[in-house]
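The values are calculated or read from the model by the stated rules, or taken from the named source; none is laboratory data. These figures come from a predicted structure and were not determined experimentally. Don't worry about glycine lacking a Cβ; one is built from the backbone with ideal geometry, like all the others, and counts go over all protein chains shown. The area values use the complete protein model at the heavy-atom level, side chains included, leaving out ligands, DNA and RNA. Shrake-Rupley method; radii C 1.70, N 1.55, O 1.52, S 1.80 Å.
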Amino acid sequence: MKTWLDAWPVYRQLTGSDPLGRGKAARSEATESVVSRTATADRVVQSVCPYCAVGCGQKVFVKDEKVVQIEGDPDSPISRGRLCPKGSASKQLVTSPTRETKVRYRRPYGTEWEDLDLDTAMQMIADRVLDARRKGWQDEDGGRRVRRTMGIASLGGATLDNEENYLMKKLYSAMGAIQIENQARI
Ligand code: SF4
C-alpha cells in the first residue's frame with residue numbers, strides 16, 4: 001500500500017529497487033504524465049539554423065501549423081544533431097510575442113516609430129542606395145581612371161553564408177563599391 005512517504009523521491013530511492021536514484025525513484029506521477037512536444041507534433045521539417053554561418057541542421061516540429069519545438073538534426077553532416085545555446089533557443093526567434101513582423105521606420109528628427117509596408121520600404125532603400133552611389137561617384141583619382149563610388153560600403157554579418165556573400169560581392173562590385181567586408185574576416 002502506498003503511503004505519503006512514497007511521494008518522497010529519497011524514500012523511494014532508499015527503500016526501492018533504484019538505490020542510485022537514476023530511474024524509477026526519480027520519477028513521479030507528474031513525470032509519467034509529461035509527453036514531449038516532439039512526440040505529439042503533426043510533422044517535422046528539416047531546416048538550417050539562421051543564427052550563424054556554421055549552418056547547423058535543425059528539425060522543426062510543427063503542430064496545428066505552429067512551431068512547437070526546434071532540435072538539432074542528427075542527419076546533418078555539419079552538426080550531427082548538436083546546436084549551440086543560440087540555435088537551441090531559436091524557437092523563440094519564430095514564436096516570441098516581441099518579434100517584429102512589420103517594417104519600422106523613424107524619420108530623421110522623428111521621435112516616434114512608424115509602420116511601413118514592405119514595398120514602400122524597399123523603394124526607399126533603393127532610392128537611398130542610388131543617391132549615395134551618385135553622390136560618391138569618382139571617375140578619376142589623381143589622374144588615374146577609377147570609375148568607383150565611395151558612397152557605399154558593405155559590412156556583412158556572420159549569419160551570411162558563402163552563397164549570400166558571393167551575391168553581395170557581385171552586387172556591390174557591379175555598383176562600383178570597393179569597400180566590401182564581412183564580420184567573419186575582422
Ligand atoms: S548559431 Fe549555433 S546552432 Fe546556429 S548555426 Fe551557429 S553554431 Fe550552429
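Conditions tested, residue by residue: (1) within 29 Å of residue 42 (Cα to Cα); (2) open to solvent by 70 Å² or more (accessible area, probe 1.4 Å); (3) free of Cβ contacts under 8 Å to residues at least 12 places away in the same chain.
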| site | (1), (2), (3) |
| --- | --- |
| 59 | yes, no, no |
| 68 | yes, no, no |
| 119 | no, yes, yes |
| 158 | no, no, no |
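If you take the residues in region 71-90 that are open to solvent by less than 60 Å² (accessible area, probe 1.4 Å) and more than 10 Å from the ligand (Cβ to nearest atom), which one is nearest to residue 45 (Cα to Cα)?
Among residues in region 71-90 that are open to solvent by less than 60 Å² (accessible area, probe 1.4 Å) and more than 10 Å from the ligand (Cβ to nearest atom), the one nearest to residue 45 (Cα to Cα) is 73.
Could you list all residues from region 91-107 that are touching a strand residue (DSSP E or B) at 6+ places or on another chain (Cβ under 8 Å), within 16 Å of the ligand (Cβ to nearest atom) and more than 15 Å from residue 37 (Cα to Cα)?
94
From the list 25, 53, which one is touching a helix residue (DSSP H, G or I) at 6+ places or on another chain (Cβ under 6 Å) and surrounded by 11 or more Cβ atoms within 10 Å (Cβ to Cβ)?
25
If I go through region 160-180 residue by residue, how many of them are at pLDDT 95 or above, touching a helix residue (DSSP H, G or I) at 6+ places or on another chain (Cβ under 9 Å) and either open to solvent by 100 Å² or more (accessible area, probe 1.4 Å) or in a helix (DSSP H, G or I) (or both)?
1
Do any residues in region 83-101 that are in a loop (DSSP other than H, G, I, E, B) have Cβ atoms under 6 Å from those of residues that are within 16 Å of the ligand (Cβ to nearest atom) and not small (Gly, Ala, Ser), where the two are at least six apart or on different chains, and which pairs are they?
83/56
What is the residue count in region 54-65 for residues that are among the β-branched types (Val, Ile, Thr) and part of a loop (DSSP other than H, G, I, E, B)?
1
What are the residues in region 23-53 that are assigned to a loop (DSSP other than H, G, I, E, B) and either more than 21 Å from residue 93 (Cα to Cα) or within 16 Å of the ligand (Cβ to nearest atom) (or both), if any?
23, 27, 28, 34, 35, 49, 50, 51, 52, 53, listed by residue number.
Does region 102-116 hold any residues that are surrounded by 10 or more Cβ atoms within 10 Å (Cβ to Cβ) and free of Cβ contacts under 8 Å to residues at least 12 places away in the same chain, and which are they?
Correct list: 106, 113, 114.
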